[in-house]
1. Just to confirm, what accessible area per residue do you get for segment 48-139 at 1.4 Å probe, in whole Å²?
2. Return an integer: the convex hull volume of the alpha-carbon atoms of the chain, in Å³ per residue.
3. Compute the relative contact order of the chain as a whole-number percentage, counting only Cα pairs closer than 8 Å that sit 6 or more residues apart in sequence.
4. Farthest toward the dipole's positive end in the chain, which of 4, 115, 102, given Cβ charges of +1 (Lys, Arg) and -1 (Asp, Glu) about the Cα centre?
5. Extending each Cα 7 Å along its Cβ direction at residue 134 and residue 155, get the distance between those two points in nm, one decimal.
6. Does segment 92-187 come out rounded, prolate or oblate by the C-alpha gyration tensor, with a ≥ b ≥ c the root eigenvalues, rounded set by a/c under 1.5 and, if not, prolate when a/b is larger than b/c and oblate if not?
7. So how do 115-127, 142-154, 93-105 stack up, highest first, on mean other-Cβ count within 10 Å?
8. State to the nearest 20 debye the size of the charge dipole of the chain about its Cα centre, where the only charges are +1 on K and R beta carbons and -1 on D and E beta carbons.
Amino acid sequence: MTDIEKLREDVAYVRAAAKRSDTDIVPCRSIYLLWAVIGLCGFTLMDFAPEPWWTNTYWFIFAPVGMVLSYWFAKREVLQLGQGDRRMGIRAMYHWIAFIVAGLLGGLLVAGGHLSGPGLGSLWVLLLALSYFQAGLHFDRRLIPVGIMIGIGFAVTIYVPVYGWTAVGIFLAAGLTVQAFLGIRSQDAAH
């Protein structure tokens, strides 16, 4: 094999890798669907079993399980695509950790008497909307509409007393499910 042929193969490999990274491929389908199910169940539970013990236990178990599964799905997808970017993964991890820390700090508002328990739930939804929107700006554009839908859900939690939490769960699940499948469709069209 001549040096020119070897160079052409190398350039073709780099071009193919660059093309794969230009398509909006992120480890999203399984992660989006996972959080659609977790969110739908968790928010619906808030309407149908409003006792704090049930909802707190649910989120205490399924939020960390979802985070671990999300990490595993992302790692598996990145390895399959050969597009590992450790810095991007760490940024995404810090992004979602910041969401959790901000929500937990909101508990201080309740402890200080500045916010009610249901108000804290609405604050979590507002933070979730902001987090999804910003994730759309920084990681995957398809998350911007999901953030907007959750933002609408925030208003629903305040102004719709009956089944408002279920509506948030439906908005979240619908947004994530639609974006998961739209992303797959655009990915297939790119190839």
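The values are calculated or read from the model by the stated rules, or taken from the named source; none is laboratory data. Values in this document were obtained by computation on a predicted structure and should not be read as measured data. We place every Cβ from the backbone using ideal geometry, glycine too, and count neighbours over all the protein chains shown. Areas reflect the complete protein model, heavy atoms only, side chains present, ligands, DNA and RNA absent. Shrake-Rupley method; radii C 1.70, N 1.55, O 1.52, S 1.80 Å.
1. Counting only protein heavy atoms, the per-residue value for segment 48-139 is 67 Å².
2. 112
3. On the way: 180 pairs, mean separation 60.7, N = 191.
Answer for the chain is 32 percent.
4. Farthest along the dipole direction, towards plus: 4.
5. Here the modelled spin labels are 2.2 nm apart.
6. It comes out oblate by the Cα gyration axes.
7. Sorting 115-127, 142-154, 93-105 by mean packing, highest first, produces 142-154, 115-127, 93-105.
8. 240
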